[in-house]
Each structure stands twice: as C-alpha cells, then as structure tokens.
C-alpha cells in the first residue's frame with residue numbers, strides 16, 4: 001500500500017483565498033483524522049471521521065474550516081477565507097479499528113498564507 | 001480526561017550516548033501505548049507499541065516497556081546516531097480508536 005497520500009505537499013496562497021487540502025487514506029481503514037501542527041500549539045486534532053461520517057469536529061478552529069469525506073477513499077479540508085494565522089502543516093491520518101495498531105500519517109501539507 | 005506527559009526538550013546528546021525520553025500517562029483503563037517519530041519535513045511514523053502491562057515494544061534499537069505500576073512508557077536507546085535526530089511523540093490509546101498524544105520531545109544528536 002502507498003500509505004496515506006496528501007496533496008499538495010506545499011501550498012502558498014494569499015489571504016482571503018480558498019484553500020483545499022486533500023487526503024487519500026489507506027484502503028480498508030475506517031477512521032480518518034485531520035491534524036494541524038504549529039510550533040506554538042503543537043499537534044492539534046481538528047476533526048475525525050468513522051466510516052465517512054464526521055464524529056467530532058470540536059477541534060475545528062472556526063467556521064472558516066470545513067471537512068468532508070464523500071467516500072472511503074477521499075477526504076478534503078477546506079479553509080475559506082484563509083488567513084495568515086492558518087499557516088501550519090496539516091496532516092491526515094487513517095487507522096483500522098480492527099487492529100488497534102495506531103494511526104498511519106501522511107506526509108503533510110505545508111500551508112503558507114501571505 | 002486522559003493525558004500523556006512527556007519530558008520537555010530539546011534533548012541534546014552526543015553520538016553513541018544513551019537516550020531516555022520519559023513518558024507517563026493517566027491510568028484510566030488499560031490502554032495501548034505508542035511511540036511515534038517525526039523526522040524533519042515528514043509526518044509522524046509509528047516507532048513501537050505495547051498493548052499490555054510488562055510488554056516491551058522495540059524497533060530500530062529503540063525500546064519501551066509498559067509499566068502499569070508507574071504508568072510509564074519511557075523510550076530508551078543504548079547508542080544514538082545523528083540520524084536519530086527527530087521529534088518523538090508518546091501516545092496512549094483511548095476508546096473509539098482514538099489516540100492522545102504527548103507534546104513531543106525534540107532530540108538533537110551531535111557528531
């Protein structure tokens with residue numbers, strides 16, 4: 001398996017623009033997580049899905065953030081409008097509840113909002 | 001709620017030194033315990049895990065033993081290399097397939 005695939009790897013956008021981050025989880029995994037990582041706040045859980053259904057979005061910082069999982073092989077995290085304080089590395093991770101083996105993380109998307 | 005506490009970094013060592021990174025967890029239930037490693041510019045990778053008391057997880061020369069009596073899961077390596085420089089995260093499993101992560105400990109190994 002190719003692992004968790006995120007795109008793009010890097011994104012530079014201007015303040016006010018819409019940004020869409022994409023994630024393809026490992027086939028067969030039933031959980032998907034979106035995290036944000038910054039130097040100041042460390043690793044933060046934004047939202048997670050189970051069988052494509054959002055379970056807990058309490059970590060989503062504002063209404064400007066939204067996430068979807070239309071099917072088992074694809075998820076998006078959208079920021080509209082983007083602000084400079086959204087600059088961070090965004091990670092997607094997936095897991096298989098049947099194995100209890102922890103999460104597999106993607107390589108992340110480094111977002112810079114100027 | 002459930003939490004994981006790690007020693008704050010950075011930890012700076014010379015090559016071939018002995019490494020210990022402390023990790024303790026709240027003792028709710030009997031969680032699985034994990035260590036993840038994050039190399040510069042990459043995502044977190046599972047390094048090792050243990051699922052029950054007295055289990056020892058090991059990988060790439062790293063070891064950690066699940067100590068129920070002290071609620072600890074300290075990471076150790078006998079001889080670190082420059083290539084081990086990374087951020088290390090301790091985590092505990094919770095209900096609903098969730099993980100709670102510690103704050104991470106940055107390790108810097110100098111030649």
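Values quoted throughout were computed directly from the atomic coordinates according to the rules given, and no laboratory measurement underlies them. Computed from a predicted structure; not experimentally measured. Here the Cβ positions follow ideal geometry from the backbone for every residue, glycine too, while neighbour counts run over all protein chains shown.
For chain A, DSSP calls about 90 percent of its internal beta bridges antiparallel. Peptides B:17-25, A:51-59, ordered by how many other C-beta atoms sit within 10 Å of their residues on average, highest first, read B:17-25, A:51-59. The separation of segment B:78-111 from segment A:1-50, counted between C-alpha centres, amounts to 20 Å.
If a/c stays under 1.5 just call it rounded; otherwise compare a/b with b/c (prolate if a/b is bigger, oblate if not). Do that for chain B, with a ≥ b ≥ c from the square roots of the Cα gyration tensor eigenvalues.
Details: a/c = 1.99, a/b = 1.65, b/c = 1.21.
Verdict is prolate for chain B.
Sequence-distant contacts, meaning Cα pairs under 8 Å at least 6 residues apart, place the relative contact order of chain B at 37 percent. Beta bridges assigned by DSSP with both partners in chain B are antiparallel in approximately 90 percent of cases.
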